[in-house]
Amino acid sequence: MLEPTAKPALPIELAGTRFGVVMRPPHYRWDGERLICSRLRQVDDSALAGLEEVRVVVDEDFVGVVAPTIEAARNAAKRVVLTWDEPPAAKAATRSPKAKLTNTSSAAKRDTHTQTYAWPSRLRWGDAPGWVVARADQASLEVWAPTATPEALRVDLSLATGCDAERIVLRDPSGLGFATGLGRHCGDDAAVDAALLAQAVGAPVAVWLDADYARDVRALGRAQCMTLGASLDAAHVTRFRYRQAHAQGEVAAVGLLLCGREAPTRHGDTDRADLYSPYRFEQTHVSAHRGARAYQNDDSTSIQHTFARESFLDELAHAEGVDPLALRQRHLEDARGLELIGSVASQADWAVPVTEPPVGDVMRGRGLAYAQLPDRHQRLDGGVRSAWIADVEVNRTTGDVRLTRLVVGQDSGEQVDTARLQQTLQARVLSKPQGLLGRTPAFDEWDDGRTTAVERASFTPAPAPISKGVETLPERFDDTDFAPGVAVIANALFDATGVRFREPPFTAGRVRQALAMGEAFDGDDATAQRGTRKTSAKLSGTRRWWAAAALTTVAGGAVMAWPFKGAIAPIARPAATLYSAETIERGRLVAAAGDCAACHTVAGGAVNTGGHAFETPFGTLYSTNITPDEATGIGNWSYAAFERAMRHGISRDGRHLYPAFPYTAFAKTSDADLQALYAYLMAQPAVAAPAPENALTFPFNLRALMAPWNALYHDPTPFVPNPAQSDLYNRGAYLAEGLGHCSACHSPRNAMGAEQGGERYFAGALVDGWEAPPLNALSRSPVPWSENALFDYLRHGSSPLHGVASGPMAPVVAGLAELPEYDVRAIAHYVAQQMGAPVEDEPAQYAQAAQLAASSAASPSGQEEGARLFEGACAACHLDNGVPAFTKASTALALNTNLYSERPDNVIHSILGGVHDDAVPGSGSMPGFADSFSDTQVATLAAYLRARFAPSEPPWQQLEQRVAALRQPHNNTPSTP
Amino acid sequence: MTLTLRVNGHDHTLAVPADTPLLAVLRNDLALNGPKYGCGLGECGACSVLVDGVVARACVLTAAAVQGREVTTLDGLAVEGRLDPVQQAFIDAQAAQCGYCLNGMIMSVRSLLNHVATPSAAQIRAALEHNLCRCGTHVEILSAAHLAIELDAQQCKQLQGGAHA
């Protein structure tokens, strides 16, 4: 029964492949010129003594562990103790481009317009999780890595390993050929990590590339900041200034920077041919640091340059109320360019702003960009001119951006296959895994269950796709061809939304975030002012929307401090046909995730009619009727009233609700989910059922006191995903912190009944007479949990190494049964991360379980009374005598977390009331012994169970009193036939 | 709630609450009185039935928990009027005093023989350890179990021989 599940196979077959895990410094970041990072002082790997197969690799500040399996490597990495020195004081602050911008000179002051654009060091962590493998020998290096910038990676690998660049073979694990990217991603970082480890241990090493590498994305920040300034006179640009903040527009792999073999950069201002602008202004100042690196990626520089210049011109045009096309034509002298841009504009039927009104949540916009780049011999006349016009559709709610039309004119002296270019761009810029606009699943998206967890989970190695059946990409174009591609989308996005994006990428999450902020968006710490744009009815529509958002925020602020809330006018119950079946179905899932029915239904009563009693230190509370009955339920609640209750804990009539209703968690729910939940609840049958009066002690019966409580303890901010974490983690965090309100039971509360955070988050608590065990590092489970075990427990109600869900957790599991597998997996993943648990049960855990079961086989001496009670009442089902029986408990008592707890409560509850599987049929049931055992007998039995099955723990004290206390409010009678 | 249970080879559709104990359904709704109500807490074994051929205590199982499974009671052990070898062995060995526990003893031995053709004396004791008998007929019950091994083996042989013939 206790068999570890099969391990996923390594997609790349290499004899003797070993597995590496790298350990980054606690602090490291790119300051624009160099890596500022903690210095490694000492490595203590004594915990690994005796593990011959495990090697710790140290190279300056680069540290990694190599082991025969990935699990062993991960475990070893946890046990190595690294001591780091603080990073050198950040003198870089004075070098930041913003500071420079404000200090700069009179030149900037004379400019009527100034703007800064940025380019990230890593556009994303990668396209999909996968293995990155390196094999090194004396003279050559072979690397399987999904890179978008193979030439840059080759240079990094050569510098890091000392291997001649000619002798480095790069292989693409997907078999599709390397994607031409617009910038680097963490495939390069993983490749250098693998190469350094492989070289050190002399064997092939595989490194797992997944969303964990997003930490590198954050640490490396921006590769380039571009400041543009202009002076205009009568809508004519008289002075144009362009300045690059950094010598290099790209950042080498983290592993290379950490091991300190990166070639030093020389500085010096130089005008550069590849910063060529096709436009003619009266004065043009172009300056850039000239960096001398072994490899200077001019392609990336020109893409960044074109993005900044074309976005800036677009901003100038909008600021001056000039057509962006006309502004460009005004400053173009090149005849071929003028002809091209004119022909593209007429072909695309150019007109901005797009006047079509938004349909539903979808806003439309159109953008233009133009570039002329010198040819390979730095000759401009022979270079490529290209003019782009793009139409986009932006979904305001989801943040999804769709490139609906693209017209590209390219003048390279040869026939240009526009259709093919467009197809390439569709595949490269828009298709899911590879694109600039690559869409990642949103944290509040409800899976329809068609995709399995394995397909979407970030930790499961997916086999490399075979090119057959996959849309084959046309042969690659030079990166320069894509130079206007980023700007054209940024300009179209501005036309659609009125929000200026000054730093790629434009992923759905960032677009949504930017729309929510209603500001120009050039990064997480964006402070730039909102882009201005003139005319168009659509714009004023958009602005109204912003205004509404601002008002909500102000109202939200007011709600927190003002004790007497107004009632929201009652409405007639919304018609059942008001909401679509899809919305109601989504609402059903939201209700299941929030487990509304568990608290709003009394045992044996109609669903959601309330009346369930909650014993709190402040008195007894009763849940209310949330069926759409107009008199006793929520039938006359408008959505506004419902949302206020869910986010701020205020009833429709203005009374404050008590936080036993976990609005503190529900506030994190997204708007879309709350609307769906409202639709679902309103579509349910109305049942009249008045709620019992609460019996709270003074002063807790004064609801108005909740106003200062909320001001102190309630944060009504909706959930914001952490971009450094995987989608799976963010989905799990959204469900667990919000709707799932796990912490409502599993986090201890302070004297005022507010959940504690920080280290006390998930530290366990007593709720409703039961103990909700800790879900963080304090977990007392005799065998440590794994993510898979948590998943089994939440999905099926039981886990072989931990037992069954019982007590108040049983209805939770029953509610989760409604959710798609991916969502339950996400919650398990999130909780496992809080515990620091591994993904799978490891052989050691099974061995430990077997050992615990074996060591409890004998009855302890001196507990004969307890032994007799156990033999009579429990042993028939709870002792494994080697003979199969259907009613035998599937999990040994020696693995029962409750017996290891500091408190006997759950054990006493289980003995008194039994375990009932009506919530999750088949998970196992046990009769209650409340009527057949006296308090003394229950106490004796509990003491015996503790001594026999948790011998490492101290005996429980004052058991009999505890039994008597717990027996009172929970007078569960055993079922009799 | 409507449940469909398969008992002794027949399907029964019942309108009972899902948490009704299986023993109550068997005795009250289906009038199968082989399984006895003893302690009601899974302690004595008098209520034992077979679920998918494995012994189970019907008083602590809900009816919903055995949906889709094959339930066999003492009443259904005999095939075409011919007693099960375990039943025959208990008659031959005169193993009954008051007989209240015998349902559980027989079902437990049947379950054991379903999994181990020739169990050791220790295995028989383990299988019957938590079946209570208050008349003190343990010695006869044990010899009935040993006899059951022989009778069961004989019947197996006959059935195989019959199949060949």
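Averaged over the residues of peptide B:107-117, the number of Cβ atoms from other protein chains lying within 10 Å of each residue's Cβ is 1. Using the Cβ-Cβ distance between B:LEU83 and B:HIS10 with R0 = 30 Å, the FRET efficiency computed as 1/(1 + (r/R0)^6) comes to roughly 0.95. Within the shell defined by Cβ-Cβ distances under 12 Å, the residues around A:PRO685 carry a net charge of 0, with Lys and Arg each +1 and Asp and Glu each -1. Given the C-alpha centroids of segment A:615-629 and segment A:658-696, what is the distance between them in whole angstrom? Spelled out, the Cα-based centre of one part sits 11 Å from the other.
Across peptide B:49-59, what mean number of C-beta atoms from other chains lies inside 10 Å of a residue's C-beta? Please report the intermediate quantities before stating the final value.
Numbers: counts 2, 1, 3, 1, 2, 6, 6, 4, 7, 3, 6.
Across the residues of B:49-59, the mean count of other-chain Cβ atoms within 10 Å is 4.
Relative contact order, whole percent, for segment B:85-164 stands at 49, derived from Cα pairs under 8 Å and 6 or more residues apart. Taken one residue at a time, the phi angles of segment A:329-343 give Karplus couplings (6.51, -1.76, 1.60, θ = phi - 60°) of 4, 4, 10, 9, 10, 5, 5, 5, x, 4, 5, 4, 5, x, 5 Hz. Gly and Pro are set to x.
Label positions at A:ARG402 and A:GLN851, each projected 7 Å from the Cα along the C-beta direction, are separated by 5.8 nm.
Each Lys or Arg adds one and each Asp or Glu subtracts one; over the other residues with Cβ under 10 Å from the Cβ of A:TRP770, this totals -2.
Rounded, prolate or oblate: which fits segment A:727-967 when a ≥ b ≥ c are the square roots of the eigenvalues of the alpha-carbon gyration tensor, with rounded for a/c under 1.5 and prolate only if a/b beats b/c? In terms of gyration-tensor shape, prolate.
How would you order A:363-373, B:72-82 from highest to lowest mean count of nearby Cβ atoms within 10 Å? Mind dumping the intermediate values first?
Values: A:363-373: 26.1, B:72-82: 15.0.
By packing density, highest mean first, the sequence is A:363-373, B:72-82.
Sorted ascending by nearby beta carbons within 10 Å, beginning with the fewest, A:MET23, A:MET646, A:MET809 become A:MET23, A:MET809, A:MET646.
Charged side chains reduced to their Cβ positions (Lys and Arg at +1, Asp and Glu at -1) give segment A:727-967 a dipole of some 320 debye around its Cα centre.
Other residues lying with their Cβ under 9 Å from the Cβ of A:LEU82 contribute a combined charge of 0, Lys and Arg counting +1, Asp and Glu -1.
Counting only other chain Cβ atoms within 10 Å of each residue's Cβ, the peptide B:35-44 averages 5.
Using 1/(1 + (r/R0)^6) with R0 = 51 angstrom and r between the beta carbons of A:ALA351 and A:LEU578, what's the FRET efficiency to the nearest 0.05? Walk me through the numbers on the way to the answer.
Values: r = 38 Å, r/R0 = 0.74.
So, using R0 = 51 Å, E works out to roughly 0.85.
Mind checking the full-extension length gain between A:SER859 and A:LEU51? Use 0.36 nm per residue of separation minus the Cα-Cα distance, one decimal, nm.
Details: separation 808, 0.36 × 808 = 290.88 nm, distance 3.64 nm.
Using 0.36 nm per residue and subtracting the Cα-Cα distance, I get 287.2 nm.
Charging the Cβ of each Asp and Glu at -1 and of each Lys and Arg at +1, and nothing else, the dipole of segment B:85-164 about its Cα centre rounds to 120 debye.
So how strong a dipole does segment B:2-76 carry about its Cα centre when Lys and Arg Cβ are +1 and Asp and Glu Cβ are -1, to the nearest 20 debye?
Details: 5 positive and 7 negative charges, 20 e Å.
That gives a dipole near 100 debye.
Starting from the Cα gyration tensor of chain B, take the square roots of the eigenvalues, sort them a ≥ b ≥ c, and report rounded, prolate or oblate (rounded when a/c is under 1.5, otherwise prolate if a/b is larger than b/c, else oblate). Oblate is the answer for chain B, as a/c is 1.5 or above yet b/c matches or exceeds a/b.
Every number here is computed from the coordinates shown, using simple stated rules; none is lab data. This one's a predicted model, so the numbers in the text were calculated from it and none came from an experiment. For neighbour counting, all protein chains shown are included, and Cβ atoms are generated from backbone atoms with ideal geometry for every residue, glycine included.
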